[in-house]
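One structure below.
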Amino acid sequence: MDTPSTSTSTSDPKTPPSKILSSYRRPSSSRTIYSDRFIPSRSSSNFALFNLPNSNSSSDDSNSAYTNLLKSALFGPECVGGVNPLTPEKSISGGRFGSRNSDGSILQISPPNCNIFKYKTETRKSFQSLTPFGFDDQLPGVSHIPVKAPRKVPRSPYKVLDAPALQDDFYLNLVDWSSHNVLAVGLGNCVYLWHASSSKVVKLCDLGSDDNVCSVGWAQRGTHLAVGTSNGKLQLWDASRCKKIRTMDGHRLRVGALAWGSSTLSSGSRDKSILQRDVRAQEDYVSKLSGHKSEVCGLKWSYDNRELASGGNDNKLFVWNQHSTQPVLKYCEHTAAVKAIAWSPHLHGLLASGGGTADRCIRFWNTTTNSHLSCMDTGSQVCNLVWSKNVNELVSTHGYSQNQIIVWRYPTMSKLATLTGHTYRVLYLAISPDGQTIVTGAGDETLRFWNVFPSPKSQNTESEIGASSLGRTQIR
């Protein structure tokens, strides 16, 4: 007698097992399908905790602007207009984001991208967008200030002039640029004028075979040029007419440094003295300044014409006033000759000085408080310094051992650019009247023109001085 079966299954014994298993895999329309991808759910989130009222509701304007900004940062810019954040659970089947019409067809919609957590590939954003409030430009009443890109300084000169017989002598000053845009250069026993607007070259004077040019200096108005000679004489020329006005004596040895004040012409010599000359007076000089124990190689009047700074081969930096015959300030920190001197056009009493091969430092002084401000070791002989009148920057030229030109940002003294190209010491430096271009001269007998400073109005405007005439030409 057979034992009765206890199975309750109603399946056909001949039905394959795979058919039976498949019958239990049919999804239900009301059942959530899970996968290995995490999609955040907001179904249980209480957005009231964020205290974000609808931006369209009547509220204070200032509160509404802040609410829009905060909502944009948290949920995205699409949520600002009053659209509530969506979750995958709130979308009806028929697509990731979609709904069904009354007839059952699927209607696709374009959802707002309002997920707090997003799984998507991030694209590279600009520096301006790296802020928690990255959609400022889409919000009313929110200003966006772009970050200014760092200024780029061209690394090559835009013009090169051959300057035969340009002397390789640290103690001379043979290049100066006038306010009328004319460059004066001493070559051997001659002085040449290069007109920057037309590139025209004019020979101003020839001192003869028994004399040499040791310094040149333009008057502030740009029409008269002073020429210091190796015989200790000082000549004054009217450059517009190429005519010598007068010759002034007083020094026993070469005149290597010149500086113009308002009506005063100062000359420094190897005889260790500085002579103050009034070109309106008949006398060759009105006073004599004594203090240096060696050749005077650097002279600069301050912008208000009240203070005269002098540097010498005795490693000293002195400051004189309009009426003193002895220095009122003495600075002895340099350990080599002080030729490089520059007054700041931006801050009254700020003076920069540079030392020679054994020193290699740029030092800053406050002559108002008689204090030493800072020191920067450049690693090379400092030959010249000049401030930009358009921005708070300065440029230095160097000799042993790198022969480089450096553009500095003050007061951080961070390097904006290091320019190379000269093969000898960069002994001569002058700046154009618009304050954008510098010219450098070296013992390699070349003059090189560089665009290093921005214009007062635009930092991207290229200097018009000689910029249209590129290439290499000869100054004589």
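The values are calculated or read from the model by the stated rules, or taken from the named source; none is laboratory data. Fair warning: this is a prediction, and the values are worked out from it, not measured in the lab. Don't worry about glycine lacking a Cβ; one is built from the backbone with ideal geometry, like all the others, and counts go over all protein chains shown. Only protein heavy atoms, including side chains, enter the accessible area calculation; ligands, DNA and RNA are left aside. Shrake-Rupley method; radii C 1.70, N 1.55, O 1.52, S 1.80 Å.
Within the stretch 412-433, how many residues are crowded, with 18+ Cβ neighbours inside 10 Å and of a type in the set (D, E, K, R)? Final tally of qualifying residues: 1. Does any residue of the stretch 369-392 turn out to be closer than 21 Å to residue 175 by Cβ, outside any strand (DSSP E or B) and either open to solvent by 40 Å² or more (accessible area, probe 1.4 Å) or charged (D, E, K, R) (or both)? For the stretch 369-392, residues closer than 21 Å to residue 175 by Cβ, outside any strand (DSSP E or B) and either open to solvent by 40 Å² or more (accessible area, probe 1.4 Å) or charged (D, E, K, R) (or both): present. Each residue in the stretch 381-414 was checked for being charged (D, E, K, R) and either within 20 Å of residue 339 (Cβ to Cβ) or out of contact with any strand residue (DSSP E or B) (no Cβ under 6 Å at 6 or more places or on another chain) (or both), and 1 pass. Just one of the numbered conditions (1) under 27 Å from residue 426 (Cβ atoms); (2) open to solvent by less than 20 Å² (accessible area, probe 1.4 Å) is not true of residue 200: (2). Of everything listed in (1) of a type in the set (Val, Ile, Thr); (2) under 19 Å from residue 447 (Cβ atoms); (3) modelled with pLDDT under 95, the single unmet condition for residue 145 is (2). The residues on offer are 415, 330, and the sole one that is under 21 Å from the mean Cα position of the chain (by Cα), in a strand (DSSP E or B) and among the charged types (D, E, K, R) is 415. Can you pull out the residues in the stretch 215-244 that are open to solvent by 40 Å² or more (accessible area, probe 1.4 Å), touching a strand residue (DSSP E or B) at 6+ places or on another chain (Cβ under 9 Å) and closer than 18 Å to residue 431 by Cα? The answer is 220, 223, 224. When each of 345, 327 is tested for being open to solvent by 10 Å² or more (accessible area, probe 1.4 Å), farther than 22 Å from residue 401 by Cα and in contact with a Lys or Arg (Cβ under 6 Å, 6 or more places away or on another chain), the lone residue that passes is 345.
Within the stretch 268-289, the only residue that satisfies the criterion of being surrounded by 22 or more Cβ atoms within 10 Å (Cβ to Cβ), more than 15 Å from residue 324 (Cα to Cα) and in contact with a Ser or Thr (Cβ under 8 Å, 6 or more places away or on another chain) is 268. Taking the stretch 192-243 as the range and being assigned to a loop (DSSP other than H, G, I, E, B) and not small (Gly, Ala, Ser) as the test, the residues that pass are 207, 210, 211, 212, 220, 221, 223, 231, 233, 241, 242.
So that you can scan it fast, the table gives a plain yes or no per residue for (1) closer than 24 Å to residue 319 by Cβ; (2) in contact with a Gly (Cβ under 6 Å, 6 or more places away or on another chain); (3) polar (S, T, N, Q):
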position	(1), (2), (3)
236	no, no, no
244	no, no, no
259	yes, no, no
262	yes, no, yes
274	yes, yes, no
282	no, no, yes
288	yes, no, no
300	yes, no, no
